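Taking it in order: structure first as structure tokens, then the write-up.
None of the figures in this text is laboratory data; all of them are computed from the coordinates on show. The shown structure was predicted, so the numbers you read here are calculated from the model rather than taken from an experiment. Counting neighbours? That spans all protein chains shown, and the Cβs are built from the backbone with ideal geometry, glycine included.
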């Protein structure tokens, strides 16, 4: 159980921060950049979740968003501790989390109109917020890829982020369709 009693520590005032295993690293390190962008994605999904509160027809999407936010905390936990410092109970992304995203993508996509062109991000406020989250997810994926080129990762981080960006794209289309908002094709 996490217990936070004091928000500020002053330990980061000189540009350093601490990994979960205790190592001090620069706030500009690739590891911090990678899980920082995962945190940014989680905040963007919080905005999506809030915009879904008054949309009962999208309750299943809202549940998916909240579950993904929890998974992103797991991913941040996984990335904030080096493998050699990890405890058995450290939350991590598993292959089943990736497979669940794939199943949900297929479910949301099955009744959507076929794309005949790229679409412009939009399709209503909820859809537009999902597109913003998708682009943040792609950045998190790129940052994680850069990290993986210099440090060893578990192997689930990149597939999860890659699949999640696909999930967010389809979720944006699904939200537009369910809300009756026409998507704008790129011409």
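Exposure proxy ranking for 137, 177, based on other Cβ atoms within 10 angstrom of each Cβ and starting from the fewest, stands as 177, 137.
Among 88, 102, 50, the largest mean-square fluctuation in a Gaussian network model of the chain (Cα springs under 10 Å) belongs to 88. Choose one answer from 46, 64, 22: the residue with the largest mean-square fluctuation in a GNM of the chain with alpha-carbon springs under 10 Å. In the Gaussian network model the winner is 22. Length gained on full extension, residue 166 to residue 59: 36.5 nm, using 0.36 nm per residue less the C-alpha separation.
Determine the distance separating the Cα centre of segment 77-122 from the Cα centre of segment 132-166; give it in Å without decimals. Going from one Cα centre to the other spans 10 Å.
Any chance you could give the angle, 0 to 90 degrees and rounded to 10, that helix 157-179 forms with the longest Cα principal axis of the chain? Between helix and principal axis, roughly 30 degrees. For the chain, a Gaussian network of Cα nodes joined below 10 Å ranks 101, 58, 72 by mean-square fluctuation, and the top entry is 58.
Compactness check for the chain: Cα Rg over 2.2 N^0.38 Å is 1.11. When each of 100, 67, 31 is scored by the number of other beta-carbon atoms lying within 10 Å, the sequence from fewest to most is 67, 100, 31. Rounded to the nearest 10 degrees, the inclination of helix 30-51 to the longest alpha-carbon principal axis of the chain is 40 degrees. Going from the fewest other Cβ atoms within 10 Å to the most, the residues 38, 170, 181 appear in the order 181, 170, 38. Determine the shape class of segment 93-146: with a ≥ b ≥ c the square roots of the Cα gyration tensor eigenvalues, call it rounded for a/c under 1.5, and otherwise prolate if a/b is greater than b/c, oblate otherwise. It comes out oblate by the Cα gyration axes.
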